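K.L.:
Quick one: the structure is below, and I'll ask about it shortly.
The values are calculated or read from the model by the stated rules, or taken from the named source; none is laboratory data. Predicted model, so just to flag it, every value in this text is computed and none were measured. Methodologically, a virtual Cβ is constructed for each residue, glycine included, from the backbone with ideal geometry; neighbour enumeration extends over all protein chains shown. All accessible areas refer to the heavy atoms of the entire protein, side chains included, with ligands and DNA or RNA removed. Shrake-Rupley method; radii C 1.70, N 1.55, O 1.52, S 1.80 Å.
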Amino acid sequence: MAHSEEPRTPSERHPPGGRGTPGEPRTPSGPRDWTDEHVARWQPVLPGLDPVVEGAVTRMKKLSVHFRRVREQSLVDFDLERHEFDTLHKIAGRGGSAAPSELAQDLDLAPASVSGRLDALEKRGFVRRTQSTVDRRRVVVELTAAGHETWLGAMDVLGHEEYRLLGVLTPEERTLLNAMLRRVMVEAEATETPRPWHG
């Protein structure tokens, strides 16, 4: 699940030798959201719960779930399976054309699996296979106009929702939020095993 109602324990919030003390409960200055109720429900159960950390992490998880649902609905609207969108997305990310071997690397799939995906997309008119102009022994996969339009349409649905939600912040606040999240992600990426990103 992308979010859980189980709050982080004090040991999970503050590793040995870490800094920070549990925050004091604060009454939100604006409208309350689901997470405010979540924190209020768990604070009597876990007196050491840091409401700021718990609130921030829970909201990030719930936003992730929200955007995932918007993306899933956009795929339904454009009659796309998730793996079809992913393949179109990777081709678009390489400028609209790519070799099957490049797609296999980008999608972290076996070449045979990529070939099956391309067969289905080609039947739908979303991609075409052509010979490379540099090496005629190589095959290049290109997005067709229909494939590009479908991919971009699905992307726009999610993009509009992202702008709608972050539009409640000023440009300065968005810049600050982005910078703070970068600091958090630098710490997270420094302690995790690298793996392909399929966003």
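K.L.:
Run residue 49 past the list (1) closer than 30 Å to residue 166 by Cβ; (2) in a helix (DSSP H, G or I) and report the number of the one that doesn't hold.
P.N.:
Condition (2) is where residue 49 drops out.
K.L.:
Here are the criteria: (1) of a type outside the set (A, V, I, L, M); (2) open to solvent by 30 Å² or more (accessible area, probe 1.4 Å); (3) at pLDDT below 95. Tell me which single one residue 132 does not satisfy.
P.N.:
(2)
K.L.:
Take the residues of the stretch 72-127 that are of a type in the set (S, T, N, Q) and surrounded by 18 or more Cβ atoms within 10 Å (Cβ to Cβ): which is nearest to residue 142 (Cα to Cα)?
P.N.:
Here the answer is 87.
K.L.:
Something else now. So in the stretch 137-182, with the set limited to residues that are hydroxyl-bearing (Ser, Thr, Tyr) and over 17 Å from the mean Cα position of the chain (by Cα), which one is most open to solvent (accessible area, probe 1.4 Å)?
P.N.:
Among those that are hydroxyl-bearing (Ser, Thr, Tyr) and over 17 Å from the mean Cα position of the chain (by Cα), it is 175.
K.L.:
Something else: Outside any loop (DSSP other than H, G, I, E, B) and more than 25 Å from the chain's Cα centre (by Cα): is that true of residue 134 in this structure?
P.N.:
Here the answer is no, as residue 134 does not meet what is asked.
K.L.:
Under 7 Å between Cβ atoms, which residue pairs at least 6 apart in sequence (or on different chains) link something in the stretch 44-60 that is under 22 Å from residue 180 (Cα atoms) with a partner that is basic (Lys, Arg) and crowded, with 19+ Cβ neighbours inside 10 Å?
P.N.:
That search, which allows pairs on different chains as well, returns nothing.
K.L.:
Right, another one. Between a first residue in the stretch 68-89 that is of a type in the set (Gly, Ala, Ser) and a second residue that is part of a loop (DSSP other than H, G, I, E, B), which pairs have beta carbons less than 9 Å apart while being 6 or more apart in sequence or on different chains?
P.N.:
74/80
K.L.:
Give 59, 32, 26 a once-over and let me know the one that is open to solvent by 60 Å² or more (accessible area, probe 1.4 Å), closer than 25 Å to residue 168 by Cβ, modelled with pLDDT of 90 or more and in a loop (DSSP other than H, G, I, E, B).
P.N.:
Only one candidate passes the filter, namely 32.
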